[in-house]
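Asks: Before we start, here is the structure in question, set down as structure tokens.
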Amino acid sequence: MSNFWKTFLTNMLHIVLLEPEIPPNTGNIARLCAATHTQLHLIEPLGFRIDDTTLRRAGMDYWQHVTWHRWPTWQAFDAARSPRSRLWFIEDGGRHRYSDVQFADGDYLVFGRETAGLPQPLIQAHPDQWLRIPMSNPQARSLNLSNCAALVLFEALRQLGFPGESKQCQ
């Protein structure tokens, strides 16, 4: 493996799904992570089994290309990550728009359950790292979790110059 890839894989971005509930969303996000060399972190309890066919189908044949970790609790995940890394909590009501912050290598993009979002005490404890995705229609309750993950991840990748970009378009 080249030094470029060793550095890139060490400094990659991370997507964290706290208690995900819907298998196709997690599968789609796994596929996103495979395509972008982003690490995926799943924090229990999960609303599905890892061998769920809808999870596998949504991720298609990309799972072997995903670096992913399963954590029993938020505390176990938080204790294991580098203290130099930053957490960004993406949830309605955040002080900053996701496009207004400077992302860096090693950042963690944290998303909550599809039905409940992130726990309020967690995001209120980190107000400067609480990001929102702007929406203009008040009747639209929310966006799909996998769409939110893609929006924020690609903004972070754009800011970082799309490291490791393949020039192939499929």
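Asks: Mind listing whichever residues of the range 84-104 are of a type in the set (Gly, Ala, Ser) and either under 16 Å from the mean Cα position of the chain (by Cα) or farther than 17 Å from residue 145 by Cα (or both)?
Replies: 85, 99, 104
Asks: Now for a different question. Would you mind stating whether residue 110 is farther than 16 Å from residue 156 by Cβ, crowded, with 17+ Cβ neighbours inside 10 Å and of a type in the set (A, V, I, L, M)?
Replies: Answer is no for this residue.
Asks: Mind listing whichever residues of the range 1-55 are charged (D, E, K, R), at pLDDT 80 or above and surrounded by fewer than 17 Cβ atoms within 10 Å (Cβ to Cβ)?
Replies: Selection gives 44, 49.
Asks: Oh, and also: Within the range 139-150, identify whether any single residue is farther than 22 Å from residue 37 by Cα and touching a residue at least 60 places away in the same chain (Cβ under 8 Å), and answer yes or no.
Replies: Scanning the range 139-150 turns up no residue that is farther than 22 Å from residue 37 by Cα and touching a residue at least 60 places away in the same chain (Cβ under 8 Å).
Asks: Among residues belonging to the range 113-170 that are hydroxyl-bearing (Ser, Thr, Tyr) and either in a helix (DSSP H, G or I) or in contact with a strand residue (DSSP E or B) (Cβ under 9 Å, 6 or more places away or on another chain) (or both), point out the one that is surrounded by the fewest Cβ atoms within 10 Å (Cβ to Cβ).
Replies: Among them, the one singled out is 142.
Asks: Go through the range 56-78 residue by residue and tally those that are of a type in the set (Gly, Ala, Ser) and modelled with pLDDT of 95 or more.
Replies: Count: 1.
The values are calculated or read from the model by the stated rules, or taken from the named source; none is laboratory data. Predicted model only: the values in this text are computed from it and were never measured. Here the Cβ is made from the backbone with ideal geometry for all residues, glycine too, and neighbour counts use every protein chain on show.
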